[in-house]
Amino acid sequence: MTKRIFSGIQPTGSAHIGNYLGAIKNWVELQNQYDSVFCIVDLHALTNPEAANQMQKKIFDSTTTLLAAGIDPKKCILFVQSHVHEHTELTWLLNTITPIAELERMTQFKEKSKHLKQSINMGLFDYPVLMAADILLYHTNVVPVGEDQRQHVELARIIARKFNNQFNKTFILPEPLIYKSSARIMSLADPTKKMSKSIPHGCLELTDSPALIKEKIKKAVTDSGNEIKYSPKKPAVVNLMTIYASFSKLSFDQIEKKYKGKGYAQFKDDLAKIIIKELKPFQEKKKALDKKPEQIRKILENGAKKAQSIAQKNLKEIKQKMGLL
Ligand code: AQP
(Lines give C-alpha, C1' and ligand atoms only; values in the text may rest on other atoms or scores of the structure.)
Protein backbone atom coordinates (compact mmCIF):
# COMPACT_ATOMS: atom_id res chain seq x y z
CA MET A 1 0.00 0.00 0.00
CA THR A 2 1.16 3.55 -0.72
CA LYS A 3 2.39 5.28 2.40
CA ARG A 4 0.56 8.38 3.56
CA ILE A 5 2.13 11.76 4.32
CA PHE A 6 0.51 14.64 6.18
CA SER A 7 1.84 18.16 6.47
CA GLY A 8 0.47 21.60 7.21
CA ILE A 9 1.16 25.29 6.84
CA GLN A 10 -0.21 28.06 9.03
CA PRO A 11 -2.07 30.89 7.30
CA THR A 12 -0.19 33.40 9.41
CA GLY A 13 1.07 35.66 6.64
CA SER A 14 2.87 35.66 3.36
CA ALA A 15 4.94 32.48 2.94
CA HIS A 16 8.72 32.95 2.81
CA ILE A 17 11.60 31.11 1.19
CA GLY A 18 12.08 29.11 4.43
CA ASN A 19 8.55 27.71 4.09
CA TYR A 20 9.21 27.10 0.40
CA LEU A 21 12.59 25.38 0.63
CA GLY A 22 11.93 23.64 3.96
CA ALA A 23 8.43 22.42 3.14
CA ILE A 24 6.39 23.41 0.06
CA LYS A 25 8.99 22.56 -2.60
CA ASN A 26 9.39 19.09 -1.10
CA TRP A 27 5.63 18.52 -0.91
CA VAL A 28 5.40 19.13 -4.66
CA GLU A 29 7.79 16.20 -5.23
CA LEU A 30 6.30 14.01 -2.52
CA GLN A 31 2.73 14.21 -3.86
CA ASN A 32 3.94 12.04 -6.77
CA GLN A 33 5.16 9.25 -4.47
CA TYR A 34 2.82 9.27 -1.47
CA ASP A 35 -0.84 9.33 -0.64
CA SER A 36 -0.62 13.01 0.35
CA VAL A 37 -2.73 15.09 2.71
CA PHE A 38 -1.87 18.81 2.93
CA CYS A 39 -3.63 21.14 5.30
CA ILE A 40 -3.95 24.88 5.83
CA VAL A 41 -3.80 24.80 9.62
CA ASP A 42 -5.94 27.79 10.55
CA LEU A 43 -6.69 26.50 14.06
CA HIS A 44 -2.96 26.47 14.79
CA ALA A 45 -2.71 30.03 13.48
CA LEU A 46 -5.38 31.21 15.93
CA THR A 47 -2.93 30.58 18.78
CA ASN A 48 -1.10 33.71 17.66
CA PRO A 49 -3.53 36.58 18.30
CA GLU A 50 -1.64 38.99 16.00
CA ALA A 51 -1.40 36.57 13.09
CA ALA A 52 -5.11 35.74 13.41
CA ASN A 53 -6.11 39.09 11.82
CA GLN A 54 -7.70 38.83 8.37
CA MET A 55 -7.69 35.05 8.58
CA GLN A 56 -9.96 34.44 5.57
CA LYS A 57 -7.68 36.46 3.31
CA LYS A 58 -4.64 34.60 4.65
CA ILE A 59 -6.27 31.19 4.12
CA PHE A 60 -6.90 32.09 0.46
CA ASP A 61 -3.38 33.43 0.18
CA SER A 62 -1.83 30.23 1.60
CA THR A 63 -3.96 28.14 -0.76
CA THR A 64 -2.96 30.04 -3.89
CA THR A 65 0.67 29.90 -2.69
CA LEU A 66 0.55 26.10 -2.51
CA LEU A 67 -1.26 25.75 -5.83
CA ALA A 68 1.08 28.15 -7.62
CA ALA A 69 4.09 26.27 -6.22
CA GLY A 70 2.78 23.07 -7.81
CA ILE A 71 0.53 21.39 -5.26
CA ASP A 72 -2.04 19.62 -7.41
CA PRO A 73 -5.47 18.82 -5.90
CA LYS A 74 -5.78 15.95 -8.40
CA LYS A 75 -2.73 14.28 -6.84
CA CYS A 76 -3.35 15.10 -3.16
CA ILE A 77 -5.95 16.19 -0.62
CA LEU A 78 -5.72 19.92 0.10
CA PHE A 79 -8.06 21.36 2.73
CA VAL A 80 -8.53 23.77 5.63
CA GLN A 81 -8.16 22.30 9.12
CA SER A 82 -11.24 23.96 10.64
CA HIS A 83 -13.43 22.48 7.87
CA VAL A 84 -12.87 19.01 9.32
CA HIS A 85 -14.05 19.17 12.95
CA GLU A 86 -12.64 15.70 13.69
CA HIS A 87 -9.23 17.37 14.23
CA THR A 88 -10.44 19.24 17.33
CA GLU A 89 -12.43 16.29 18.60
CA LEU A 90 -9.40 14.02 18.43
CA THR A 91 -7.31 16.73 20.11
CA TRP A 92 -9.57 16.52 23.17
CA LEU A 93 -9.33 12.74 23.27
CA LEU A 94 -5.54 12.88 22.99
CA ASN A 95 -5.37 15.62 25.65
CA THR A 96 -6.69 13.12 28.13
CA ILE A 97 -3.63 10.89 27.70
CA THR A 98 -0.93 13.56 27.13
CA PRO A 99 1.30 14.29 30.14
CA ILE A 100 1.56 18.03 30.84
CA ALA A 101 5.28 17.54 31.51
CA GLU A 102 5.76 16.60 27.83
CA LEU A 103 4.12 19.84 26.68
CA GLU A 104 6.20 21.91 29.10
CA ARG A 105 9.34 20.71 27.32
CA MET A 106 8.31 22.05 23.90
CA THR A 107 10.81 24.58 22.56
CA GLN A 108 8.29 26.32 20.29
CA PHE A 109 5.99 26.99 23.26
CA LYS A 110 8.86 28.39 25.30
CA GLU A 111 10.03 30.63 22.45
CA LYS A 112 6.61 31.83 21.33
CA SER A 113 5.47 32.54 24.89
CA LYS A 114 8.53 34.75 25.40
CA HIS A 115 7.35 36.79 22.42
CA LEU A 116 3.68 36.92 23.52
CA LYS A 117 4.56 37.71 27.18
CA GLN A 118 1.23 38.67 28.84
CA SER A 119 -1.11 37.01 26.36
CA ILE A 120 -0.01 33.36 26.39
CA ASN A 121 -3.10 31.30 25.64
CA MET A 122 -4.01 27.70 26.38
CA GLY A 123 -4.12 26.96 22.62
CA LEU A 124 -0.42 27.75 22.29
CA PHE A 125 0.36 25.25 25.04
CA ASP A 126 -1.90 22.62 23.47
CA TYR A 127 -0.65 23.29 19.90
CA PRO A 128 1.46 20.09 19.77
CA VAL A 129 -1.53 17.92 20.73
CA LEU A 130 -3.60 19.47 17.92
CA MET A 131 -0.66 18.72 15.62
CA ALA A 132 -0.53 15.13 16.89
CA ALA A 133 -4.27 14.86 16.16
CA ASP A 134 -3.74 16.24 12.63
CA ILE A 135 -1.14 13.57 11.96
CA LEU A 136 -2.70 10.58 13.74
CA LEU A 137 -6.24 11.18 12.44
CA TYR A 138 -5.10 10.08 8.96
CA HIS A 139 -2.92 7.15 10.11
CA THR A 140 0.02 9.04 8.65
CA ASN A 141 3.31 7.22 8.01
CA VAL A 142 5.54 10.17 7.21
CA VAL A 143 5.48 13.87 8.18
CA PRO A 144 7.63 16.16 6.01
CA VAL A 145 8.58 19.20 8.11
CA GLY A 146 11.34 21.71 8.73
CA GLU A 147 13.77 21.05 11.58
CA ASP A 148 11.73 23.36 13.88
CA GLN A 149 8.86 20.86 13.92
CA ARG A 150 10.90 17.72 14.70
CA GLN A 151 10.08 17.88 18.42
CA HIS A 152 6.35 18.06 17.71
CA VAL A 153 6.45 14.98 15.47
CA GLU A 154 8.37 13.18 18.22
CA LEU A 155 5.56 14.11 20.63
CA ALA A 156 2.98 12.72 18.19
CA ARG A 157 4.91 9.43 18.31
CA ILE A 158 4.93 9.48 22.13
CA ILE A 159 1.17 10.05 22.20
CA ALA A 160 0.54 7.34 19.58
CA ARG A 161 2.66 4.85 21.55
CA LYS A 162 0.83 5.72 24.77
CA PHE A 163 -2.56 5.30 23.11
CA ASN A 164 -1.57 1.96 21.57
CA ASN A 165 -0.35 0.66 24.95
CA GLN A 166 -3.46 1.81 26.75
CA PHE A 167 -6.19 0.97 24.21
CA ASN A 168 -4.70 -1.60 21.81
CA LYS A 169 -2.71 -0.96 18.69
CA THR A 170 -4.44 1.75 16.67
CA PHE A 171 -1.92 4.30 15.47
CA ILE A 172 1.07 4.02 13.18
CA LEU A 173 4.12 5.74 14.70
CA PRO A 174 4.73 8.62 12.26
CA GLU A 175 8.27 9.35 11.05
CA PRO A 176 9.50 12.91 10.49
CA LEU A 177 10.96 13.55 7.04
CA ILE A 178 13.46 16.37 7.24
CA TYR A 179 15.48 17.54 4.27
CA LYS A 180 18.84 18.34 5.83
CA SER A 181 19.97 20.78 3.16
CA SER A 182 17.09 23.24 3.56
CA ALA A 183 15.61 22.26 6.92
CA ARG A 184 16.30 25.57 8.61
CA ILE A 185 16.59 28.76 6.60
CA MET A 186 17.66 31.55 8.92
CA SER A 187 16.64 35.20 9.05
CA LEU A 188 18.52 37.46 6.63
CA ALA A 189 18.84 39.95 9.47
CA ASP A 190 20.03 37.51 12.14
CA PRO A 191 21.47 34.09 11.23
CA THR A 192 20.85 32.81 14.77
CA LYS A 193 17.06 33.09 14.33
CA LYS A 194 14.91 31.07 11.95
CA MET A 195 13.22 32.96 9.12
CA SER A 196 9.63 33.40 10.30
CA LYS A 197 6.41 34.86 8.87
CA SER A 198 5.66 36.51 12.17
CA ILE A 199 9.03 38.35 12.20
CA PRO A 200 8.94 40.22 8.85
CA HIS A 201 12.40 41.76 9.40
CA GLY A 202 14.91 39.42 7.70
CA CYS A 203 12.17 37.51 5.88
CA LEU A 204 12.20 37.02 2.08
CA GLU A 205 8.63 36.50 0.94
CA LEU A 206 7.75 34.43 -2.12
CA THR A 207 5.74 37.34 -3.52
CA ASP A 208 8.47 39.98 -3.09
CA SER A 209 9.12 41.94 -6.28
CA PRO A 210 12.48 41.53 -8.07
CA ALA A 211 13.56 44.96 -6.81
CA LEU A 212 12.71 44.03 -3.22
CA ILE A 213 14.50 40.67 -3.51
CA LYS A 214 17.63 42.47 -4.74
CA GLU A 215 17.41 44.98 -1.91
CA LYS A 216 16.83 42.35 0.81
CA ILE A 217 19.70 40.14 -0.40
CA LYS A 218 21.99 43.16 -0.68
CA LYS A 219 21.16 44.15 2.91
CA ALA A 220 21.40 40.58 4.26
CA VAL A 221 23.95 40.44 7.07
CA THR A 222 27.28 38.75 6.33
CA ASP A 223 30.19 37.71 8.52
CA SER A 224 33.59 39.31 8.89
CA GLY A 225 36.00 38.76 6.01
CA ASN A 226 34.95 38.67 2.38
CA GLU A 227 35.25 34.98 1.55
CA ILE A 228 32.42 32.68 0.38
CA LYS A 229 33.21 29.73 2.62
CA TYR A 230 31.08 27.06 4.27
CA SER A 231 32.25 27.31 7.86
CA PRO A 232 30.56 27.20 11.29
CA LYS A 233 32.34 30.48 11.96
CA LYS A 234 30.34 32.08 9.14
CA PRO A 235 26.64 31.40 9.96
CA ALA A 236 25.33 34.30 7.84
CA VAL A 237 27.30 33.21 4.74
CA VAL A 238 26.35 29.57 5.32
CA ASN A 239 22.68 30.63 5.36
CA LEU A 240 23.06 32.51 2.06
CA MET A 241 24.99 29.58 0.58
CA THR A 242 22.19 27.23 1.69
CA ILE A 243 19.63 29.39 -0.10
CA TYR A 244 21.90 29.57 -3.15
CA ALA A 245 22.43 25.79 -3.20
CA SER A 246 18.71 25.04 -2.78
CA PHE A 247 17.68 27.33 -5.62
CA SER A 248 20.55 26.52 -8.00
CA LYS A 249 21.18 22.83 -7.17
CA LEU A 250 24.92 23.61 -6.97
CA SER A 251 26.78 21.96 -4.07
CA PHE A 252 28.55 24.04 -1.40
CA ASP A 253 31.87 22.96 -2.91
CA GLN A 254 30.84 24.18 -6.35
CA ILE A 255 29.65 27.50 -4.91
CA GLU A 256 32.93 27.99 -3.02
CA LYS A 257 34.91 27.34 -6.21
CA LYS A 258 32.71 29.59 -8.32
CA TYR A 259 33.19 32.56 -5.96
CA LYS A 260 36.82 32.04 -4.98
CA GLY A 261 38.39 35.49 -4.77
CA LYS A 262 35.17 37.23 -5.88
CA GLY A 263 33.73 38.55 -2.61
CA TYR A 264 30.26 39.10 -1.18
CA ALA A 265 28.95 41.69 -3.65
CA GLN A 266 29.17 39.46 -6.74
CA PHE A 267 27.84 36.46 -4.79
CA LYS A 268 24.83 38.40 -3.49
CA ASP A 269 24.10 39.87 -6.90
CA ASP A 270 23.99 36.39 -8.46
CA LEU A 271 21.97 34.96 -5.57
CA ALA A 272 19.29 37.63 -6.03
CA LYS A 273 19.15 36.84 -9.77
CA ILE A 274 18.75 33.10 -9.14
CA ILE A 275 15.91 33.65 -6.64
CA ILE A 276 14.12 36.09 -8.95
CA LYS A 277 14.36 33.64 -11.86
CA GLU A 278 13.08 30.66 -9.86
CA LEU A 279 10.19 32.59 -8.33
CA LYS A 280 9.01 34.24 -11.56
CA PRO A 281 6.72 31.41 -12.81
CA PHE A 282 5.40 30.93 -9.27
CA GLN A 283 4.58 34.62 -8.93
CA GLU A 284 2.79 34.72 -12.30
CA LYS A 285 0.69 31.67 -11.46
CA LYS A 286 -0.19 33.02 -8.04
CA LYS A 287 -1.34 36.35 -9.47
CA ALA A 288 -3.68 34.51 -11.84
CA LEU A 289 -5.05 32.24 -9.09
CA ASP A 290 -5.63 35.19 -6.75
CA LYS A 291 -8.20 36.41 -9.27
CA LYS A 292 -10.23 33.18 -9.03
CA PRO A 293 -11.60 32.98 -5.47
CA GLU A 294 -14.54 30.77 -6.52
CA GLN A 295 -12.23 28.17 -8.02
CA ILE A 296 -10.13 28.20 -4.83
CA ARG A 297 -13.24 27.82 -2.66
CA LYS A 298 -14.30 24.77 -4.72
CA ILE A 299 -10.87 23.14 -4.42
CA LEU A 300 -10.98 23.57 -0.63
CA GLU A 301 -14.55 22.28 -0.39
CA ASN A 302 -13.66 19.15 -2.35
CA GLY A 303 -10.51 18.67 -0.29
CA ALA A 304 -12.46 18.92 2.98
CA LYS A 305 -14.96 16.31 1.77
CA LYS A 306 -12.20 13.85 0.94
CA ALA A 307 -10.33 14.51 4.19
CA GLN A 308 -13.47 14.20 6.26
CA SER A 309 -14.44 10.84 4.83
CA ILE A 310 -11.10 9.43 6.09
CA ALA A 311 -11.21 11.36 9.37
CA GLN A 312 -14.77 10.32 10.27
CA LYS A 313 -14.06 6.64 9.83
CA ASN A 314 -10.82 6.75 11.80
CA LEU A 315 -12.24 8.86 14.62
CA LYS A 316 -15.14 6.43 15.05
CA GLU A 317 -12.67 3.58 15.51
CA ILE A 318 -10.56 5.64 17.95
CA LYS A 319 -13.60 6.51 20.09
CA GLN A 320 -14.66 2.88 20.19
CA LYS A 321 -11.17 1.85 21.30
CA MET A 322 -11.37 4.40 24.11
CA GLY A 323 -14.59 2.84 25.28
CA LEU A 324 -17.00 5.58 24.24
CA LEU A 325 -20.50 4.54 23.29
N1 AQP B 1 12.93 29.08 8.34
C2 AQP B 1 12.48 27.89 7.94
N3 AQP B 1 13.32 27.04 7.29
C4 AQP B 1 12.89 25.84 6.84
N5 AQP B 1 11.60 25.41 7.01
C6 AQP B 1 10.74 26.23 7.63
N7 AQP B 1 9.43 26.12 7.95
C8 AQP B 1 9.03 27.24 8.58
N9 AQP B 1 10.04 28.10 8.71
C10 AQP B 1 11.13 27.51 8.12
C11 AQP B 1 8.61 24.96 7.62
O12 AQP B 1 7.49 25.42 6.86
C13 AQP B 1 6.36 24.60 7.15
C14 AQP B 1 5.17 25.47 7.44
O15 AQP B 1 5.44 26.24 8.60
P16 AQP B 1 4.24 26.90 9.39
O17 AQP B 1 3.68 27.99 8.61
O18 AQP B 1 3.27 25.90 9.80
O19 AQP B 1 4.79 27.39 10.76
P20 AQP B 1 6.16 27.80 11.31
O21 AQP B 1 7.11 26.67 11.31
O22 AQP B 1 5.90 28.38 12.64
O23 AQP B 1 6.60 28.89 10.23
P24 AQP B 1 6.83 30.39 10.45
O25 AQP B 1 7.12 31.01 9.17
O26 AQP B 1 7.85 30.59 11.53
O27 AQP B 1 5.41 30.90 10.90
P28 AQP B 1 5.01 31.75 12.16
O29 AQP B 1 5.94 32.90 12.20
O30 AQP B 1 3.60 32.13 11.90
O31 AQP B 1 5.14 30.85 13.36
C32 AQP B 1 6.74 23.70 8.31
O33 AQP B 1 7.04 22.40 7.83
C34 AQP B 1 7.98 24.34 8.86
O35 AQP B 1 8.84 23.40 9.48
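The values are calculated or read from the model by the stated rules, or taken from the named source; none is laboratory data. Values in this document were obtained by computation on a predicted structure and should not be read as measured data. Cβ sites come from the backbone with ideal geometry, for glycine too, and all protein chains shown count toward neighbours. Remember, those area values only see protein heavy atoms, side chains included, never the ligands or the DNA or RNA. Shrake-Rupley method; radii C 1.70, N 1.55, O 1.52, S 1.80 Å.
Residue-wise test of (1) in contact (Cβ under 8 Å) with a residue 60 or more places away in the chain; (2) outside the structural domain of GLY303 (by TED's automatic domain parsing); (3) touching a Leu at 6+ places or on another chain (Cβ under 9 Å); (4) open to solvent by 20 Å² or more (accessible area, probe 1.4 Å).
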| position | (1), (2), (3), (4) |
| --- | --- |
| PRO49 | yes, no, yes, yes |
| ALA52 | no, no, yes, yes |
| SER62 | no, no, no, no |
| THR65 | yes, no, yes, no |
| HIS87 | yes, no, yes, no |
| LEU94 | yes, no, yes, no |
| LYS112 | yes, no, yes, yes |
| LYS117 | no, no, no, yes |
| GLY123 | yes, no, yes, yes |
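Would you please name the residue that is farthest from LEU173 (Cα to Cα), looking only at residues in region 29-46 that are open to solvent by less than 30 Å² (accessible area, probe 1.4 Å) and more than 9 Å from the ligand (Cβ to nearest atom)?
We begin by selecting, within region 29-46, every residue open to solvent by less than 30 Å² (accessible area, probe 1.4 Å); these are 30-31, 36-42, 44-45.
Cutting the leftovers down to more than 9 Å from the ligand (Cβ to nearest atom) gives us 30-31, 36-40, 42.
Values: LEU30: 19, GLN31: 20, SER36: 17, VAL37: 17, PHE38: 19, CYS39: 20, ILE40: 23, ASP42: 25 Å.
Among those residues, the one meeting the criterion is ASP42.
When the residues of region 134-150 are filtered to those that are surrounded by fewer than 24 Cβ atoms within 10 Å (Cβ to Cβ) and acidic (Asp, Glu), which remaining residue is nearest to the ligand (Cβ to nearest atom)?
Per the stated criteria, the residue is ASP148.
Looking only at region 1-22, count every residue that is open to solvent by 20 Å² or more (accessible area, probe 1.4 Å) and under 22 Å from PHE247 (Cβ atoms) and tell me the total.
3
Within the bounds of region 299-309, is there any residue that is part of a helix (DSSP H, G or I), farther than 30 Å from THR91 by Cα and open to solvent by 90 Å² or more (accessible area, probe 1.4 Å)?
No: region 299-309 contains no residue that is part of a helix (DSSP H, G or I), farther than 30 Å from THR91 by Cα and open to solvent by 90 Å² or more (accessible area, probe 1.4 Å).
Starting from residues that are farther than 25 Å from HIS139 by Cβ and outside any loop (DSSP other than H, G, I, E, B), keep the ones in region 151-200 and report whichever is most open to solvent (accessible area, probe 1.4 Å).
LYS180
Is it the case that SER82 is within 16 Å of the ligand (Cβ to nearest atom), at pLDDT below 95, small (Gly, Ala, Ser) and out of contact with any Lys or Arg (no Cβ under 7 Å at 6 or more places or on another chain)?
Here the answer is no, as SER82 does not meet what is asked.
Scan region 160-172 and give yes if some residue there is within 21 Å of the chain's Cα centre (by Cα) and modelled with pLDDT of 95 or more, otherwise no. Break it down stepwise before answering.
Restricting attention to region 160-172, the residues satisfying the condition of being within 21 Å of the chain's Cα centre (by Cα) are none.
For region 160-172, residues within 21 Å of the chain's Cα centre (by Cα) and modelled with pLDDT of 95 or more: absent.
Output the number of residues of region 1-26 satisfying the condition of being within 9 Å of the ligand (Cβ to nearest atom) and of a type in the set (A, V, I, L, M, F, W, C).
6
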